[in-house]
Amino acid sequence: MTSVTSSVGFYDVAMDAPSPLSSSDRERLEDVANSLRELGEICDDLALDLLRTAAERGGERPLEEKRLSQARRSIEKAMHILDGLADESSAVDE
C-alpha cells in the first residue's frame, strides 16, 4: 500500500486494487452527474432571468440571483466530484 497525504491526515490507498465500482455503478454516477449538469443550467437560466428583470427595472442584483448562483456553484462542485470518482474508478480498471 502507498501512503497518500491528505489535507486531513494520512490514508493508506491500494493503488493496484480493482475498483469497488462496477461499470453499472460508474454509469449511474455519470447519470447523476449529467442530471446535476442539467440542474446547474436551470439555475443559470433562472438567475439570468432575475438579473434581466432587475436591469429592466433599474434595480440592484437580487438576493435570489445571488443564492441561485451559489446553488449552481455547489451543484458544479458535486458534479465534478462525481465525474472524478467515475473517471478514477475506470482508470483503476484499465
Phi to ³J(HN,Hα) by Karplus 6.51 cos²θ - 1.76 cosθ + 1.60 over segment 63-77, Hz, x for Gly, Pro: 4, 4, 5, 4, 5, 4, 5, 5, 4, 4, 5, 5, 4, 4, 4
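Let me check I've understood the local charge: for residue 40, count other residues with C-beta under 12 angstrom from its C-beta, Lys and Arg +1, Asp and Glu -1. What total comes out? Before the final figure, lay out the partial values.
Working: positive: 37, 72, 73, 77; negative: 38, 41, 44, 45, 76.
Charge balance near residue 40 sits at -1.
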Loop trypsin sites (Lys or Arg not before Pro), segment 27-78, which have at most 16 other Cβ atoms in a 10 Å radius of their Cβ (DSSP): 57
Could you give log10 I(q)/I(0) at q = 0.11, 0.28 Å⁻¹ for segment 21-93, computed by the Debye formula over C-alpha point scatterers of equal weight, without solvent? -0.39, -1.12
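Bear in mind that the values in this text are calculations on the coordinates, not laboratory data. Just so we're clear, the structure is a prediction, and the values are computed from it rather than from any experiment. Neighbour counts are summed over all protein chains in view; Cβ atoms, including those assigned to glycine, are modelled from backbone coordinates with ideal geometry.
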